[in-house]
Amino acid sequence: MNLPLFTTPNELGHYLQSHRSQSIGFVPTMGALHLGHQSLIDRARRENTLAIVSIFVNPLQFGANEDLDLYPRQLEIDRVICQTAGVDALFVPSPTSMGLKDALTQVIPPAMMMSGLCGRTRAGHFQGVATIVTKLLNIVQPDRAYFGEKDAQQLAIIRRIVTDLNIPVDIIGCPTLRADSGLAHSSRNQYLSIAGRSQAAVIYRSLQQAQKLADLQEVNVDKLLAAVTTELSTVPAFQLEYLELVDPETLQPIDRLNNAALLAIAGRIENTRLIDNVIIS
Ligand code: PAF
């Protein structure tokens, strides 16, 4: 059977109306689906009777100088991936059918959660994510929604929005899927050459150095971060944007490793911006 594809909230709403007695698992994406997305879909299928995937390259979360126009779009391939993965329905709205217009009501997450990490250089990004995710959750009204832990700041902010705005959904964070080299799967890996991909493995390798020190009871944040930057310096092609150790829920910087902490990194290889993180304790 062909995978049903809906392009407007109304069409999807009609379909969902006749399925409301089932539990709905929802995986919002921007397409260019990879193994990481497939693991979210698998989990949504396992934990619900209906799995819905959305594909929407959200203009609100791209800055003026970012890669909105270049962002990989491969609807036919994504459709096959979803069909093969057993998705029940695909939602592929256009910006117009999502009601995007100039004077749009926006969801503004707490400033303190947007000021560090990716928010430092991506002004407006998390407001754009928050607005579109809130709209999608209102349209789909799932029981559970699945997000990758690779986007740790996004995940923490979405959890916070759902709590603060009393949105009745369980937010499920799913572990980052990695290539054998340790490189986290990401839609943007497509931009990298083979050499770039192999250089990018330094990102996860360097994060692991902090965990190794933490295993030796090191709690000094400067020393933990220094272990990471030393490893990063072995690959000069990697241009570091940020490296921060923060509380995983509030995203505030920590000064000692007393509890589990989020070690998050962003940087560029071959001008492709990559992010990753680990929880260290
Ligand atoms: O993580 C993503 O792919 C996007 O930020 C999301 C959650 C689909 C919102 O556009």
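When the helix-only estimate is applied to the chain (DSSP H runs of n ≥ 4, each -39,500 (n - 2.57), divided by the residue count), what is the mean residue ellipticity at 222 nm, nearest 500 deg cm²/dmol? If you can, show how the numbers build up before the last one.
Values: 9 runs with 99 residues, N = 281.
Calculated mean residue ellipticity at 222 nm is -10500 deg cm²/dmol.
For residue 75 and residue 18, what is the calculated FRET efficiency with R₀ set at 35 Å and r taken between the beta-carbons, to the nearest 0.05? Don't skip to the end; give the middle numbers.
Numbers: r = 25 Å, r/R0 = 0.72.
The calculated FRET efficiency here is 0.90.
Let me make sure I get this right: for the range 1-63, a, b and c are the square roots of the gyration tensor eigenvalues over alpha carbons, sorted descending. Under 1.5 in a/c it's rounded, otherwise prolate if a/b > b/c, else oblate. Which is it? All intermediate terms of the calculation are to be shown ahead of the outcome.
Working: a/c = 2.01, a/b = 1.22, b/c = 1.64.
Cα axes put the range 1-63 in the oblate bin.
How tilted is helix 221-232 with respect to the longest principal axis of the chain? Cα atoms for both, answer in degrees (0 to 90, nearest 10).
80
Can you compute the modelled spin-label distance between residue 247 and residue 180, with each label point 7 Å from Cα toward Cβ, in nm?
The modelled label-to-label distance comes out at 4.2 nm.
At a 1.4 Å probe, what is the % contribution of carbon and sulfur to the accessible area of the chain?
On the way: 6770 of 13390 Å².
Roughly 51 percent of what the probe reaches on the chain is carbon or sulfur.
At 1.4 Å probe radius, can you tell me the per residue accessible area of the chain in Å²?
Values: 13390 Å² over 281 residues.
Per-residue accessible area for the chain comes out at 48 Å².
Calculate how steeply helix 202-215 sits against the longest principal axis of the alpha-carbon atoms of the chain, using the helix alpha-carbon long axis, and give the answer as 0 to 90 degrees to the nearest 10.
For 202-215 against the chain, the angle is about 60 degrees.
The values are calculated or read from the model by the stated rules, or taken from the named source; none is laboratory data. Everything quoted here is computed from the prediction, not taken from an experiment. Neighbour counts are summed over all protein chains in view; Cβ atoms, including those assigned to glycine, are modelled from backbone coordinates with ideal geometry. Side chains included, ligands, DNA and RNA excluded: accessible areas come from the protein's heavy atoms. Shrake-Rupley method; radii C 1.70, N 1.55, O 1.52, S 1.80 Å.
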